[in-house]
Amino acid sequence: MFFLLLLVIEVSCLLDCKRTFVPHRISASGNCVQRVPECDFACYVGNLYPQSLAICMTRHYVYDWFCQNDGAYATPVKYQKISRALKYEEIFCSDEKDCELLKPFYNFETRHMLAPKYGISTCVIYKNFSTVFTSIICYLFDAIAYKKEVPDMMKDTYFNRRCQLHNEVHGFGIKKEFKSERGNRWRNYVILREPEERFVSAFVDKCIFAKKQPEAHYYERVNPCYGCETNITCFIEKQYESLRAIANGTKQSAHTVEDAHFAPQTWHCEMKEFFTDYTFLKYTPSKTSALLDELFAEFEFFGVPRNITDDIRKQIIGRKTFHVTYDSDLPGKYRQEIRNSRYLREMLVKLYYFDYLYFHFPLPNLR
């Protein structure tokens, strides 16, 4: 009964916040009061550490789920998911100086692909449809040249990509050098992926399949996959240590296959500064066609000819790049290993806690 009473009070607060767009919290007396300044979203992003702002973090997501969806998520089940987020902060953050959760919004890597003719850009995140989306934007950048030089999009891979020196920039601000033909307005896409699925896909691709693929340059890497071979427990521990050292400033940030493919998604694309400038879409291999439907409907609205989107679709659907993993049994094997191991699920939470929260993916159950 008490839980339901709190839920009713919170919904009331959030309906108010929907009208005013000012975050609210519940006071000790049960009344809606304006949130203290240090608990607003901008301040949270600026502070980056969760412990002292745990309640602020949770209230932000309550605000987002309720206010952005007109109360559609006002159910005990959804509320319990928010409680789970708070519980995990209590487990992994004993105090502000000893928090095991990787900070969000570390400025790690940013790679934008631009199609100025249509005012379309994407910031790609490795293992998130990145190779194919890079090719799509390159096609839009200069359709005539692309069709002439790239007869097969699935062979337009990272090391041989056609547009590498033409439409790629490594900072949001650098886009000013390219002028959108839509009145200098841009639609900035970021493709997201469920963290566990992304982790397993990257592990199978970069630590197992890459050994048999000359184009992956596995044996040219320094200490590939930290010498863990096929041991996912060994790898996740080493990868966590590497990324935490980068976040804490005890290791220099430099591009490696491992760090680039396993860094949190919030570390890419200068999200600390430009989070609200992006349009986020979610990707999973089994729903590639639905993702393309959503993208191409927008592309055509921005002026991309239907014959171009049809050609792109024909080249993608039912085909694969050399590093796909979804048609192998290995991802399923490793995901089952994660489901059977509380320790591995805890490591995923430590790595990707803020990816789960900011991008609205369900947190792993640690029971």
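Derivation of every value follows stated rules applied to the coordinates shown; laboratory data play no part. Nothing here was measured: the structure is a model prediction, and the numbers come from that model. Every residue, glycine as well, gets a Cβ built from its backbone with ideal geometry; the counts of neighbours run over all protein chains shown.
Can you tell me the FRET efficiency between Glu215 and Thr250 if r is taken as the Cβ-Cβ distance and R0 is 41 Å, rounded to the nearest 0.05?
Working: r = 34 Å, r/R0 = 0.82.
Given R0 = 41 Å and the Cβ-Cβ separation, E is 0.75.
So, R0 is 35 Å and r is the distance between the beta-carbons of Asp293 and Glu149; what FRET efficiency does that work out to, to 0.05? Before the final figure, lay out each step's value.
Numbers: r = 27 Å, r/R0 = 0.78.
That gives a FRET efficiency of 0.80.
Taking the Cβ of each residue in Ile232, Ile136 as the centre, tally the other Cβ atoms inside 10 Å and list the residues starting with the fewest.
Ascending number of Cβ neighbours within 10 Å: Ile232, Ile136.
Between Gln336 and Tyr158, what is the label-point separation in nm under the 7 Å Cα-to-beta-carbon projection?
Taking the two extended label points, one gets 2.9 nm.
Compute the distance in nm between two label points, each set 7 Å from the Cα along the Cα-to-Cβ direction, one at Lys117 and one at Phe274.
2.3 nm
Under a point spin-label approximation (7 Å from Cα along Cα-to-Cβ), what is the Ser328-Glu90 distance to one decimal in nm?
If labels sit at Ser328 and Glu90, their model points lie 4.1 nm apart.
Could you compute the FRET efficiency for Lys179 and Ile317, with r as their C-beta to C-beta distance and R0 at 45 Å, rounded to 0.05?
Details: r = 33 Å, r/R0 = 0.73.
That gives a FRET efficiency of 0.85.
Inverting the mean 1/r over all pairs of different Cα atoms, compute the Kirkwood radius of region 232-343 and quote it in Å.
Working: mean 1/r = 0.0565 Å⁻¹.
Kirkwood hydrodynamic radius for region 232-343: 17.7 Å.
So which trypsin sites (Lys or Arg not before Pro) in region 167-232 end up in coil per DSSP with only 16 or fewer other C-beta atoms within 10 Å?
Values: sites: Lys175, Lys176, Lys179, Arg182, Arg185, Arg187, Arg193, Arg198, Lys206, Lys211, Lys212, Arg221; in loops: Lys179, Arg182, Arg185, Arg193, Arg221.
Within region 167-232, the qualifying trypsin sites (Lys or Arg not before Pro) (loop, at most 16 other Cβ atoms within 10 Å) are Lys179, Arg182, Arg185, Arg221.
Given contacts defined as C-alpha pairs under 8 Å and at least six residues apart, what's the relative contact order of region 112-357, whole-number percent? Display every interim value, and only then the final one.
Numbers: 271 pairs, mean separation 67.2, N = 246.
RCO, region 112-357: 27 percent.
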